[in-house]
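The values are calculated or read from the model by the stated rules, or taken from the named source; none is laboratory data. Every value quoted in this text rests on a predicted model; they were computed, and no experiment measured them. A quick note on method: Cβ atoms are made from the backbone with ideal geometry, for glycine too, and the neighbour counts reach across all protein chains shown. Remember, those area values only see protein heavy atoms, side chains included, never the ligands or the DNA or RNA. Shrake-Rupley method; radii C 1.70, N 1.55, O 1.52, S 1.80 Å.
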Amino acid sequence: MLLLSVSLLSVAAQTKTDPVVFEIGGKKIYKSQFMRDFLKSIGKDSVSAPTACTYEKRKALEDYVELYVNFQAKLADAYAMGIDTLQALKDELSVYRNELAAPYLIDSASMQNLLREAYERNHYVLHAAHILVPCVENAAAADSLKAYNHAMELYEEALKTDNFYTVAQKEMAKQRKEARLSDNPAAEEVNPYEGDLGCFTVFDMIYPFETAVYSMKPGEISKPVRTRYGYHVIKLFDRYKFYGKVKLAHVWVSDSDPNARGRINSAYKQLENGMSFADVVKNNSDDMPAKKEGGVMPEMGCNQLPYEYVEVLANGLNVGEYSKPFHSRFGWHIIKLLNREMLPDFESVIPYYKSRMTRGERSSKPQHIFVDQCKKRYDFVDYTKVKTSKKKKAPYAASLAAVRALVTDSIFSGIFNYDSNEITDMRPLFKIGDRQYNSRQFARYMRRHKTVYPYGDLDVFVRDRYEEFINAMVLRYADDNLEKDIPEFGELINEYRHGLMIFSYNDRKIWSHAIKDSVGFQKFYDRYSTTHSYDDTNDAVYFWNHRARVNVITIADSACIKPSKALKTVNKGVAKGWSMNDLQSKLMDCVSKKKCTAEEPVKMELQVVEAGSQTLLKNSEWGKGVYPRPMNKGYQILVVEQIIQPRLKSLEEARGYYLNDYQNYLEVQNNRELRKKYNVKIYQDVIDQITY
């Protein structure tokens with residue numbers, strides 16, 4: 001008895017602090033839930049303090065009460081009808097859920113840090129060169145070590161010379177020779193700027209390379225940097241403040257002309273003496289395509305321009321100014337800055353940055369951090385890494401040997417077929433939460449996700465794919481538990497689910513039903529059309545206003561028929577009651593065969609126009625009669641045959657309006673029926689005490 005009393009007191013206390021606002025089908029809806037939904041609907045924070053009550057605020061609350069009750073009653077009926085189990089609804093909800101879940105399956109803090117990092121880097125442009133020692137991602141440890149040691153030798157050699165390019169030239173010549181490219185004469189040509197990458201900024205290079213070079217100082221040479229392509233030895237030449245995309249005009253004089261320097265100096269003097277930039281280009285530039293445009297080049301980013309251009313722009317060239325002559329590997333130049341697009345504020349660039357981060361190692365970083373967090377949260381165990389001993393054996397010690405035995409070099413070409421019966425070792429490889437995965441599931445994953453890979457060591461390849469498999473399954477487990485682990489996500493998905501259910505419910509019970517129910521629709525028209533009044537402006541859409549039947553006669557050219565003759569013929573036809581065909585025939589008889597060149601000399605069209613919504617007739621022409629109308633070349637004659645008095649539109653003539661009214665009628669009737677069916681109770685005393 002004591003326990004029962006305590007329980008009853010607890011329920012009473014809860015009801016007092018969070019009273020019931022509605023009961024629908026026996027389900028209680030508490031004030032806290034209702035207020036959360038109501039405040040969200042008006043865009044108000046639930047923690048905001050209530051303000052003074054006004055008529056408008058009170059009406060907004062009362063209106064929402066009606067909407068809320070109708071919604072909840074429909075939702076109860078939709079569940080009773082099994083609408084939530086429809087496959088089409090599940091499929092559509094799945095699409096929404098995948099989009100909504102994506103932000104929850106990464107580490108948001110690291111994503112924000114990456115976005116900020118990219119923005120800070122984007123303020124600078126770098127000019128660098130590199131020497132690459134190729135090494136595939138899945139290389140054997142011995143091959144990877146060999147490549148790294150060679151890269152270290154190149155690093156040491158680069159430190160000893162002032163010309164980084166000579167080391168790059170030597171290395172590239174060696175790589176070409178090893179690749180048997182030396183038989184190609186073009187491959188033997190020495191590039192004086194071997195390995196030069198020009199200028200670049202954030203997103204222009206793969207992320208590990210970008211991270212390494214942005215941590216360097218101008219003039220510094222890096223130790224080997226690992227990327228998926230191999231090991232890079234990098235030299236950073238310069239770092240410039242970012243100037244954005246630019247629109248330039250330039251004068252270019254090729255070094256192939258022995259007098260190139262004299263020509264560029266002459267061009268500069270012409271500019272200094274007041275000659276227009278376009279004329280200087282015309283007189284001096286060797287860039288023939290740009291010459292036709294006054295030297296104007298397409299808008300370009302830093303990675304599209306020679307680094308010498310970037311250096312000049314970064315050193316303070318303002319919009320509208322032109323540079324002094326400068327030399328590059330391509331010749332002599334003068335550039336004029338026409339426009340500059342500066343870097344926007346951080347919030348503005350976030351959507352663009354996110355679109356650039358959809359792939360690659362930068363985008364995978366927040367997800368990898370999230371996966372590591374999930375492994376701890378869901379008690380992840382990798383049994384292939386469990387250590388065993390003679391004294392103590394782990395119950396699930398496992399290996400990848402069963403899958404490795406199936407893999408051959410053909411997998412690098414995207415070919416991986418096997419008989420699942422070949423895998424007999426069914427020990428779990430790892431577990432996440434309450435799920436375990438074995439070798440058959442791992443092999444199935446590899447077959448489903450097969451693609452072309454660079455050739456490498458098979459042991460390393462299988463281990464890398466295994467790590468991918470683990471990450472994918474951890475993410476799947478986290479995804480499947482989002483609603484349980486993150487209540488606000490569950491609420492969001494429920495909102496979408498309920499929205500889709502109500503849409504389907506309304507379509508079944510109201511919208512489509514109104515269209516298909518021709519008998520009920522006709523009865524509705526018969527009953528409610530008589531309630532409309534022509535004198536009520538709100539009912540105007542249900543009535544025809546005064547209308548006129550107008551025969552529009554168009555004479556293409558006055559040379560075909562003189563206006564006076566045509567008007568006389570038309571008046572005669574109206575007086576005698578000729579049909580349109582007869583009148584057109586009589587007018588065609590009047591056409592001058594010598595002077596008329598129009599393909600269609602006489603054109604007739606019957607139009608019915610309504611007062612207040614037409615431009616054909618003038619106010620003075622709103623009556624039976626014949627009205628000539630001059631045109632640029634020919635003329636028109638308007639024959640007003642009849643003035644039709646206002647009347648109620650038929651069902652077909654006002655179908656759209658009546659269909660909307662019928663749907664509203666069905667909505668009201670359905671809401672009334674649902675309130676009875678689900679015994680809806682509204683506790684008005686609780687509502688009256690609500691402030692916000």
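Looking at 45, 63, can you tell me which residue is surrounded by fewer than 16 Cβ atoms within 10 Å (Cβ to Cβ) and not in a helix (DSSP H, G or I)?
One residue alone meets the criteria, 45.
Which condition from (1) assigned to a helix (DSSP H, G or I); (2) free of Cβ contacts under 8 Å to residues at least 24 places away in the same chain; (3) under 30 Å from residue 218 (Cβ atoms) is the one that residue 161 breaks?
It is condition (1) that residue 161 fails.
Can you find, within segment 585-630, the residue that is nearest to residue 550 (Cα to Cα) among those that are part of a strand (DSSP E or B) and at pLDDT below 95?
Residue satisfying both the conditions and the ranking: 629.
Among the residues in segment 554-564, are any part of a helix (DSSP H, G or I), of a type in the set (Ser, Thr, Tyr), without any contact (Cβ under 8 Å) to a residue 12 or more places away in the chain and within 30 Å of residue 602 (Cβ to Cβ)?
Yes, segment 554-564 contains a residue that is part of a helix (DSSP H, G or I), of a type in the set (Ser, Thr, Tyr), without any contact (Cβ under 8 Å) to a residue 12 or more places away in the chain and within 30 Å of residue 602 (Cβ to Cβ).
Of 566, 514, which residue is among the small types (Gly, Ala, Ser), within 30 Å of residue 626 (Cα to Cα), surrounded by 17 or more Cβ atoms within 10 Å (Cβ to Cβ) and at pLDDT 95 or above?
The conditions single out 566.
For residues that are open to solvent by 80 Å² or more (accessible area, probe 1.4 Å) and either of a type in the set (Phe, Trp, Tyr) or in contact with a strand residue (DSSP E or B) (Cβ under 6 Å, 6 or more places away or on another chain) (or both), tally how many sit in segment 569-607.
Residues that pass the stated criteria total 3.
Could you grab me the full set of residues in segment 542-555 that are over 52 Å from the mean Cα position of the chain (by Cα) and either open to solvent by 60 Å² or more (accessible area, probe 1.4 Å) or not β-branched (Val, Ile, Thr) (or both)?
If the condition is that a residue be over 52 Å from the mean Cα position of the chain (by Cα) and either open to solvent by 60 Å² or more (accessible area, probe 1.4 Å) or not β-branched (Val, Ile, Thr) (or both), then 551 is the only one that fits.
Quick check: anything in segment 435-445 open to solvent by less than 80 Å² (accessible area, probe 1.4 Å), assigned to a helix (DSSP H, G or I) and out of contact with any helix residue (DSSP H, G or I) (no Cβ under 7 Å at 6 or more places or on another chain)?
Looking for residues that are open to solvent by less than 80 Å² (accessible area, probe 1.4 Å), assigned to a helix (DSSP H, G or I) and out of contact with any helix residue (DSSP H, G or I) (no Cβ under 7 Å at 6 or more places or on another chain), one finds at least one in segment 435-445, hence yes.
Does residue 370 count as open to solvent by less than 80 Å² (accessible area, probe 1.4 Å) and more than 18 Å from residue 202 (Cα to Cα)?
Answer is yes for this residue.
Would you please list the contacts, defined by Cβ atoms under 6 Å and residues six or more apart or on different chains, that run from a residue in segment 612-623 that is in contact (Cβ under 8 Å) with a residue 40 or more places away in the chain to a residue that is surrounded by 10 or more Cβ atoms within 10 Å (Cβ to Cβ) and in a loop (DSSP other than H, G, I, E, B)?
Close Cβ pairs (under 6 Å, with a partner that is surrounded by 10 or more Cβ atoms within 10 Å (Cβ to Cβ) and in a loop (DSSP other than H, G, I, E, B)) amount to 612/545.
Looking at 314, 290, can you tell me which residue is of a type in the set (Gly, Ala, Ser), buried (at least 16 other Cβ atoms within 10 Å of the Cβ) and farther than 25 Å from residue 237 by Cα?
The unique qualifying residue is 290.
Of all residues in segment 120-168 being surrounded by 14 or more Cβ atoms within 10 Å (Cβ to Cβ) and basic (Lys, Arg), which is nearest to residue 460 (Cα to Cα)?
Selected residue: 146.
Give the residue that is nearest to residue 657 (Cα to Cα), with candidates limited to residues of segment 517-541 that are among the hydrophobic types (A, V, I, L, M, F, W, C) and open to solvent by 30 Å² or more (accessible area, probe 1.4 Å).
541
If you scan segment 452-497, which residues turn out to be in contact (Cβ under 8 Å) with a residue 40 or more places away in the chain, out of contact with any helix residue (DSSP H, G or I) (no Cβ under 8 Å at 6 or more places or on another chain) and over 17 Å from residue 380 (Cα atoms)?
Those that are in contact (Cβ under 8 Å) with a residue 40 or more places away in the chain, out of contact with any helix residue (DSSP H, G or I) (no Cβ under 8 Å at 6 or more places or on another chain) and over 17 Å from residue 380 (Cα atoms): 463, 464.
Suppose the filter is closer than 30 Å to residue 158 by Cβ, buried (at least 17 other Cβ atoms within 10 Å of the Cβ) and basic (Lys, Arg); does residue 263 pass it?
Criteria not met by residue 263.
Within segment 336-354, is even one residue closer than 30 Å to residue 473 by Cβ and open to solvent by 70 Å² or more (accessible area, probe 1.4 Å)?
Taking every residue of segment 336-354 in turn, at least one turns out to be closer than 30 Å to residue 473 by Cβ and open to solvent by 70 Å² or more (accessible area, probe 1.4 Å).
Could you tell me whether residue 71 is in contact (Cβ under 8 Å) with a residue 40 or more places away in the chain, within 29 Å of residue 509 (Cα to Cα) and open to solvent by less than 70 Å² (accessible area, probe 1.4 Å)?
Answer is no for this residue.
Inside segment 139-158, can you point out the residues that are part of a helix (DSSP H, G or I), under 15 Å from residue 229 (Cα atoms) and within 44 Å of the chain's Cα centre (by Cα)?
143, 144, 145, 147, 148, 151
Inside segment 631-659, can you point out the residues that are without any contact (Cβ under 8 Å) to a residue 24 or more places away in the chain and either in a strand (DSSP E or B) or open to solvent by less than 60 Å² (accessible area, probe 1.4 Å) (or both)?
Scanning segment 631-659 gives 650, 656.
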